[in-house]
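The values are calculated or read from the model by the stated rules, or taken from the named source; none is laboratory data. Treat the numbers as computed from the prediction; the structure is a model and nothing was measured. Please note: Cβ atoms are built from the backbone with ideal geometry, for glycine as well, and neighbour counts cover all protein chains shown.
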Amino acid sequence: MLILQTVNELKEWVRDTKKAGDSIGLVPTMGFLHEGHLSLVKKAKAENDKVVMSIFVNPAQFGPNEDFDRYPRDLKRDQELAEGAGTDVIFAPSVEEMYPRESQIQLTAGAQADVLCGAKRPGHFDGVLKVVTKLFHLVEADLAYFGQKDAQQLAIIESLVEDYNFPMAIRRGETVREADGLAKSSRNVYLSGAERNEAPHLKKALEMGKELVLKGQDPIEPMTKYLTNHTSGVIDYIELLDYPTLTTTIRQNAILALAVKFEKARLIDNIIFHPKGN
Ligand code: AMP
């Protein structure tokens, strides 16, 4: 496995790989890898000749009072895990390498960013669009892989690719969970012991909400009560929307999504399902 830290090294590798006729799958991450990331690598490995994983904690997608500085990082451990899952190249640039100057052009997410995390984290998805646009152009991937764990991000990136004819396709990976249902997340390490014990209730609340939706009932109030009774966290949002449009009129698939703030970690989770139960 190669570890590349500069844009020029990456471009050279991409040029040689394309010349050899190999397809490229890209798995963008912020590192501190877990099974969720590795499941995307395995999917990418099955569908492409070469797999590039980017590891970059992107300052552009963190707000001023968010956890950019204390986001967990461990490149050495990440290297072993990435290689074990079949990664061919890790691209791990510095912030200066990625953003050598202040951008003169800004990308802005549309209405899909007005709900859920986009409403709570102003500018977050603009920062995501900024980094993925650069990564897509640098890696020239045929396929890029994103997890449904971050369903709003996935939907917005699908819009980017569709609206601006990026010459590639997006692949979705299912949410990988701990045995007790907690969605795997790099931020789970910041849960206290007590919070970790409460955290599986997020998935349980989603399941309960889904059952209510299937019965034609509004899930928000009962889910709010359930989470308030079973966790010490503060609910940031619970929303039921159409997926992937993220509008309030559910036409095809429903997404039930929530965010809960614990002492040192804000956790998000969601489930996507057919509102008629198919
Ligand atoms: P992150 O490093 O958190 O930015 O995540 C990098 C990619 O991994 C994103 O596409 C995420 O949606 C995906 N991902 C994160 N957690 C999970 C999970 N538990 N299951 C599946 N994919 C995940």
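Applying the selection to region 186-201, what residues are buried (at least 19 other Cβ atoms within 10 Å of the Cβ) and either touching a Leu at 6+ places or on another chain (Cβ under 6 Å) or outside any helix (DSSP H, G or I) (or both)? Correct list: 191, 199.
Taken over region 219-235, the criterion of being touching a residue at least 12 places away in the same chain (Cβ under 8 Å) and either surrounded by fewer than 12 Cβ atoms within 10 Å (Cβ to Cβ) or in a helix (DSSP H, G or I) (or both) is satisfied by 220, 222, 223, 224, 226, 227, 230. Selection within region 57-67: residues that are hydrophobic (A, V, I, L, M, F, W, C) and part of a loop (DSSP other than H, G, I, E, B). The member of this set that is nearest to residue 131 (Cα to Cα) is 57. Of everything listed in (1) in a helix (DSSP H, G or I); (2) away from the ligand (no atom under 13 Å from the Cβ); (3) outside the structural domain of residue 27 (by TED's automatic domain parsing); (4) not acidic (Asp, Glu), the single unmet condition for residue 238 is (1). The condition (being closer than 23 Å to residue 244 by Cβ, buried (at least 16 other Cβ atoms within 10 Å of the Cβ), more than 13 Å from the ligand (Cβ to nearest atom) and in the same structural domain as residue 116 (by TED's automatic domain parsing)) is satisfied by just one residue among 154, 206, 212, 160: 160. Of all residues in region 31-56, which are surrounded by fewer than 19 Cβ atoms within 10 Å (Cβ to Cβ) and assigned to a loop (DSSP other than H, G, I, E, B)? Passing the criteria: 34, 49.
Only residues that are surrounded by fewer than 24 Cβ atoms within 10 Å (Cβ to Cβ) and either part of a helix (DSSP H, G or I) or within 11 Å of the ligand (Cβ to nearest atom) (or both): list them for region 13-28, please.
13, 14, 15, 16, 17, 18, 19
The residues of region 94-131 that are under 30 Å from residue 256 (Cβ atoms) and aliphatic (A, V, I, L, M), listed by number, are 107, 109, 111, 113, 115, 116, 119, 128, 129, 131.
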